[in-house]
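Colleague: The structure follows.
The values are calculated or read from the model by the stated rules, or taken from the named source; none is laboratory data. Keep in mind that what you see is a predicted model, and the values were worked out from it rather than measured. Cβ: placed from backbone, ideal geometry, glycine included. Neighbour counts: every protein chain shown. Only protein heavy atoms, including side chains, enter the accessible area calculation; ligands, DNA and RNA are left aside. Shrake-Rupley method; radii C 1.70, N 1.55, O 1.52, S 1.80 Å.
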Amino acid sequence: MTALTALTLAQARDGLAKKTFSAVELADAHLAAMEKARALNAYVLETPDRAMAMARAADARLSAGKAGPLEGIPLAVKDMFCTEGVRTTACSKILESFVPTYESTVTAQLWRDGAVLLGKTNNDEFAMGSSNETSYFGPVVSPWRREGDTAALVPGGSSGGSAAAVAARLCYGATGTDTGGSIRQPAAFTGIVGIKPTYGRCSRWGTIAFASSLDQAGPFARTVRDTAILLRSMSGHDSKDTTSVDRPVPDYEAAVGRSVKGLRIGVPKEYRMPGMSAEIDALWDKGVAWLKEAGAELVEVSLPHTKYALPAYYIVAPAEASSNLARYDGVRYGLRVPGRDVIDMYERTRAEGFGKEVRRRVMIGTYVLSAGYYDAYYLRAQKVRTLIKRDFEVCFEAGVDAMLTPATPSAAFGVGEKTKGDPIEMYLNDIFTVTVNMAGLPGIAVPAGIDAQGLPLGLQLIGRPFDEETLFALADVIEKAAGHLHPSAWWV
Amino acid sequence: MRWVFGPGRLCYERRSRNLGPKPPMSVDIATVRRIARLARIAVADEELEHLGGEINAVLSFVEQLGEVDVAGVEPMTSVMPMAMKKRHDVVTDGEDADRVLRNAPVSENNFFVVPRVVE
């Protein structure tokens, strides 16, 4: 018999409905797997008691015929989502002992639909990072290793714990947040599926804010179908978030397996950068071939402002972060370090409570917003952002339904490999994903192959606003052609 | 500046370019100290130089935005175009001091306590 943790979310759902196993058994199997996988540091808090209580309640609803769409499905939640009565830290010392008295809208909807919380997953501090190495709780170790090598690799970031937990079968799915690639890059590094929906699709209420005009929640899972199932529960209008969009949530799962015949898929030429790794190039070509075989029409498109997305991002995101993180002052919640006077208390609290990368970004944001520089930096970056969005709009108006690009410029790298040098080298991880946040569009990362060292590589599909369904249909074609990727469980 | 992809990993090189009038693309120690003060983050004197170097690396990276023609371009203010949502100006929540104060480092009689601010 297949281990319960090896099932897909859809298989688990169907098995629960048929009473093949119970929600308590599923929760139990995952809690046991989590205990054996602590070397990965994927969870920063395990919630076994809550998981068992939620599973028992799910079993009762299943017996009573009152099951929700995710009834009894054990999930992990990134530590950026506030969970009532369950410590939520953003993986920062400044929130080390914060226990929210409210529940984020996204997680509340998961529990409404019957899901079971296994625990909170590790992430880069305040989601600022691309390797999960800036976490106050230490780095996450990827379940993947290079062939014949035991060196620890990063799972990507910032949602590294969620991605590692899903890939290592420590949950059926997990939530993530994506500000510049924090769902899609770790999904690609760990060989799983992750989608950042259109800005406004998921409520940001109760999610710890990083850069409000870029932040968007989304799910991770091991299959396209499972990701679609989760997104439906996470999406929907919320009056508590003014940027939440009031439009119906489609049945995303129904789009999985839908024909892609006749769809026009753009291949942006600016993403094929000179000197790009031949493996990534070849992977991209394979993706093109698979979609063509499925009846899609592939066309070259141009997104001329692509190269300005990352520099514009590194103005907009720190600027918004410096403003959002002003609330951590040692007064209302979180760490307080006493000082001579109130200003000294603020300064000591923030110096001790924030890690290096967060301090750097808050300072950059403060600088670019400071008197005299606002127009030169922030305003100019927001104008460039309009141009980046317009590039996509021109293509969509010309009849392009979606775009196909690589998800990352390389496979996962080693823990500690990129933290010593220039911060820009780490930032370059997000060159293919960050444009999507700048334009507010939906993007999905789907596993497409492995590199010469045996590590997963992913492709990204970018869609029209609120057309996540087309992304699921296209990602399904790639998944069917590429198959599923699983790391061998060396940690057990 | 432009990006150059090396085999297997990314790197970049800096190219100086005449961009016309622009804000200073590097900060000195005094400016780093001023930014730290504005950001309310205590920075030890011996960290200023290193931090300045890191900030300068980022400023140098974003310098290339100077070459984009943004004349007549509206800055993005709303990611998804939508009418500003409004609600009735009524009390929907409150009278819950205990929950509001539960995570406060120091509180007293339903107040947050801070060091003396007014002499």
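Colleague: Could you go through the stretch A:374-382 and let me know if any residue there is open to solvent by less than 10 Å² (accessible area, probe 1.4 Å), under 25 Å from the mean Cα position of the chain (by Cα) and at the interface with chain B (Cβ under 8 Å from one of its Cβ atoms).
Modeller: Step one: filter the stretch A:374-382 for residues open to solvent by less than 10 Å² (accessible area, probe 1.4 Å), giving A:377, A:381.
Imposing the further condition that a residue be under 25 Å from the mean Cα position of the chain (by Cα) reduces the set to A:381.
Checking which are at the interface with chain B (Cβ under 8 Å from one of its Cβ atoms) leaves us with A:381.
Within the stretch A:374-382, one or more residues are open to solvent by less than 10 Å² (accessible area, probe 1.4 Å), under 25 Å from the mean Cα position of the chain (by Cα) and at the interface with chain B (Cβ under 8 Å from one of its Cβ atoms).
Colleague: Need the failing condition index for A:R112 against (1) open to solvent by 20 Å² or more (accessible area, probe 1.4 Å); (2) in contact (Cβ under 8 Å) with a residue 24 or more places away in the chain; (3) over 24 Å from A:V245 (Cβ atoms), just the number.
Modeller: All conditions pass for A:R112, except number (3).
Colleague: Within the stretch A:284-299, is there a residue that is within 24 Å of the chain's Cα centre (by Cα), of a type outside the set (F, W, Y) and in a helix (DSSP H, G or I)?
Modeller: Scanning the stretch A:284-299 turns up at least one residue that is within 24 Å of the chain's Cα centre (by Cα), of a type outside the set (F, W, Y) and in a helix (DSSP H, G or I).
Colleague: I've got another one for you. A:V415 - would you say it is crowded, with 21+ Cβ neighbours inside 10 Å and more than 9 Å from chain B (Cβ to nearest Cβ)?
Modeller: In short, no.
Colleague: Applying the selection to the stretch A:464-487, what residues are over 16 Å from A:K261 (Cα atoms) and either touching a Cys at 6+ places or on another chain (Cβ under 9 Å) or open to solvent by less than 10 Å² (accessible area, probe 1.4 Å) (or both)?
Modeller: Once the filter is applied, which keeps residues that are over 16 Å from A:K261 (Cα atoms) and either touching a Cys at 6+ places or on another chain (Cβ under 9 Å) or open to solvent by less than 10 Å² (accessible area, probe 1.4 Å) (or both), the stretch A:464-487 yields only A:E468.
Colleague: From the list A:R264, A:R359, pick out the single residue that is touching a Gly at 6+ places or on another chain (Cβ under 8 Å), crowded, with 16+ Cβ neighbours inside 10 Å and modelled with pLDDT of 95 or more.
Modeller: Numbers: A:R359 fails: touching a Gly at 6+ places or on another chain (Cβ under 8 Å).
Going through A:R264, A:R359 in turn, just one is touching a Gly at 6+ places or on another chain (Cβ under 8 Å), crowded, with 16+ Cβ neighbours inside 10 Å and modelled with pLDDT of 95 or more: A:R264.
Colleague: Given the criterion open to solvent by 20 Å² or more (accessible area, probe 1.4 Å) and away from every other protein chain (no Cβ under 14 Å), identify the matching residue among A:D281, A:D285, A:D226, A:D246.
Modeller: On the way: A:D281 fails: away from every other protein chain (no Cβ under 14 Å); A:D226 fails: open to solvent by 20 Å² or more (accessible area, probe 1.4 Å); A:D246 fails: away from every other protein chain (no Cβ under 14 Å).
Residue meeting the stated conditions: A:D285.
Colleague: Restricting attention to the stretch A:129-145, does a residue exist that is buried (at least 22 other Cβ atoms within 10 Å of the Cβ), hydrophobic (A, V, I, L, M, F, W, C) and farther than 15 Å from A:V166 by Cα?
Modeller: no
Colleague: Another question, then. Name every residue in the stretch A:267-278 that is within 14 Å of chain B (Cβ to nearest Cβ) and either open to solvent by 20 Å² or more (accessible area, probe 1.4 Å) or aliphatic (A, V, I, L, M) (or both), in order of residue number. First the steps, then the outcome.
Modeller: In the first step, residues of the stretch A:267-278 are kept if they are within 14 Å of chain B (Cβ to nearest Cβ); the result is A:270-278.
Within the stretch A:267-278, A:E270, A:R272, A:M273, A:P274, A:G275, A:M276, A:S277, A:A278 qualify.
Colleague: Then there is this: State all residues of the stretch A:163-195 that are closer than 14 Å to A:L231 by Cβ and polar (S, T, N, Q); if no residue qualifies, say none.
Modeller: If the condition is that a residue be closer than 14 Å to A:L231 by Cβ and polar (S, T, N, Q), then A:T175, A:T177 are the ones that fit.
Colleague: Here's another thing I want to ask about it. Could you tell me whether A:T101 is free of Cβ contacts under 8 Å to residues at least 24 places away in the same chain and farther than 30 Å from A:S22 by Cα? Can you show your working first?
Modeller: On the way: free of Cβ contacts under 8 Å to residues at least 24 places away in the same chain: yes; farther than 30 Å from A:S22 by Cα: yes.
Spelling it out, A:T101 is indeed free of Cβ contacts under 8 Å to residues at least 24 places away in the same chain and farther than 30 Å from A:S22 by Cα.
Colleague: Could you check how many residues of the stretch B:79-119 are open to solvent by less than 100 Å² (accessible area, probe 1.4 Å) and either closer than 30 Å to A:L335 by Cβ or of a type in the set (K, R) (or both)? First the steps, then the outcome.
Modeller: Looking only at the stretch B:79-119, we keep the residues that are open to solvent by less than 100 Å² (accessible area, probe 1.4 Å), and these are B:79-80, B:82-83, B:85, B:90, B:94, B:96-101, B:103-107, B:112-115, B:117.
Add one more test, that the residue is either closer than 30 Å to A:L335 by Cβ or of a type in the set (K, R) (or both), and what stays is B:85, B:94, B:96-101, B:103-107, B:112-115, B:117.
Within the stretch B:79-119, residues that are open to solvent by less than 100 Å² (accessible area, probe 1.4 Å) and either closer than 30 Å to A:L335 by Cβ or of a type in the set (K, R) (or both) number 18.
Colleague: Would a scan of the stretch B:76-85 turn up a residue that is facing another protein chain (nearest Cβ under 9 Å), basic (K, R), farther than 27 Å from A:S322 by Cβ and more than 17 Å from the chain's Cα centre (by Cα)?
Modeller: Keep residues of the stretch B:76-85 that are facing another protein chain (nearest Cβ under 9 Å), which gives B:76-80, B:82, B:84-85.
Okay, now just the ones that are also basic (K, R), so B:85.
Next, from what is left, pick out any that are farther than 27 Å from A:S322 by Cβ: none.
Looking through the stretch B:76-85, none of the residues is facing another protein chain (nearest Cβ under 9 Å), basic (K, R), farther than 27 Å from A:S322 by Cβ and more than 17 Å from the chain's Cα centre (by Cα).
Colleague: Given the options A:R87, A:R38, name the one that is open to solvent by 40 Å² or more (accessible area, probe 1.4 Å), closer than 30 Å to A:R336 by Cβ and within 22 Å of the chain's Cα centre (by Cα).
Modeller: Working: A:R38 fails: closer than 30 Å to A:R336 by Cβ.
After ruling out the rest, the residue left standing is A:R87.
Colleague: What's the number of the only condition in (1) free of Cβ contacts under 8 Å to residues at least 60 places away in the same chain; (2) open to solvent by 20 Å² or more (accessible area, probe 1.4 Å); (3) within 11 Å of another protein chain (Cβ to nearest Cβ); (4) not basic (K, R) that A:P304 fails to meet?
Modeller: Unmet condition: (1).
Colleague: Collect the residues in the stretch A:367-426 that are basic (K, R), modelled with pLDDT of 95 or more and under 29 Å from A:A163 (Cβ atoms), keeping them in residue-number order.
Modeller: So in the stretch A:367-426, the residues basic (K, R) come out as A:380, A:383, A:385, A:389-390, A:418, A:420.
Next, from what is left, pick out any that are modelled with pLDDT of 95 or more: A:380, A:383, A:385, A:389-390.
Across the stretch A:367-426, the qualifying residues are A:R385, A:K389.
Colleague: From the residues in the stretch A:313-334 that are of a type in the set (G, A, S) and within 13 Å of A:I364 (Cα to Cα), which one is surrounded by the most Cβ atoms within 10 Å (Cβ to Cβ)?
Modeller: Within the stretch A:313-334, the first condition is being of a type in the set (G, A, S), and the residues that meet it are A:317, A:319, A:321-323, A:326, A:330, A:334.
With the extra rule that they be within 13 Å of A:I364 (Cα to Cα), the set shrinks to A:317, A:319, A:321-323.
On the way: A:A317: 27, A:A319: 25, A:A321: 25, A:S322: 23, A:S323: 16.
The residue in question is A:A317.
Colleague: While we're on this one: How many residues, within the stretch B:53-73, are more than 9 Å from chain A (Cβ to nearest Cβ), modelled with pLDDT of 95 or more and assigned to a helix (DSSP H, G or I)?
Modeller: So the answer is 0.
Colleague: Suppose we keep only residues that are more than 7 Å from chain B (Cβ to nearest Cβ) and touching a residue at least 60 places away in the same chain (Cβ under 8 Å) within the stretch A:335-353. Which one would you say is surrounded by the fewest Cβ atoms within 10 Å (Cβ to Cβ)?
Modeller: Checking each candidate, the answer is A:E352.
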